[in-house]
Amino acid sequence: MSGNKDHNQGQTDYSNGEYNRPVSHMEELFTWAPSSVREVTERLEQYGAGRDNAKNQK
């Protein structure tokens, strides 16, 4: 499941002072299929949740 991976990456990136989106802006822009849109949205939400989690632990 990529959710955990993206969540963990968000935490790591925040701790390292980095921001590396799991999905590029171009990929996000050209994603049209409903199932793919849900996947992209979920990955971005998990990454953001990981960053928020790391931020709240400081």
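The values are calculated or read from the model by the stated rules, or taken from the named source; none is laboratory data. What you are looking at is a predicted structure, and each value in this text was computed from that prediction instead of being measured. FYI the Cβ positions are ideal-geometry reconstructions off the backbone, even for glycines, and counts take in every protein chain you see. Quick note on the areas: whole protein, heavy atoms, side chains included, nothing else; ligands and nucleic acids left out. Shrake-Rupley method; radii C 1.70, N 1.55, O 1.52, S 1.80 Å.
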The correct count of residues that are open to solvent by less than 100 Å² (accessible area, probe 1.4 Å), without any contact (Cβ under 8 Å) to a residue 12 or more places away in the chain and among the hydrophobic types (A, V, I, L, M, F, W, C) in the range 23-37 is 2
* Looking only at the range 46-55, decide whether some residue is modelled with pLDDT under 95 and crowded, with 16+ Cβ neighbours inside 10 Å. => no
Conditions (1) assigned to a helix (DSSP H, G or I); (2) of a type in the set (S, T, Y); (3) more than 8 Å from the chain's Cα centre (by Cα) -> Y47 fails only (3)
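Could you say which residue among N20, N16 is open to solvent by 60 Å² or more (accessible area, probe 1.4 Å), in contact with an Asp or Glu (Cβ under 7 Å, 6 or more places away or on another chain), free of Cβ contacts under 8 Å to residues at least 24 places away in the same chain and not hydroxyl-bearing (S, T, Y)?
Values: N16 fails: in contact with an Asp or Glu (Cβ under 7 Å, 6 or more places away or on another chain).
Within the list N20, N16, the selection yields N20.
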Check on N4, outside any loop (DSSP other than H, G, I, E, B), of a type outside the set (D, E, K, R) and modelled with pLDDT of 95 or more
no
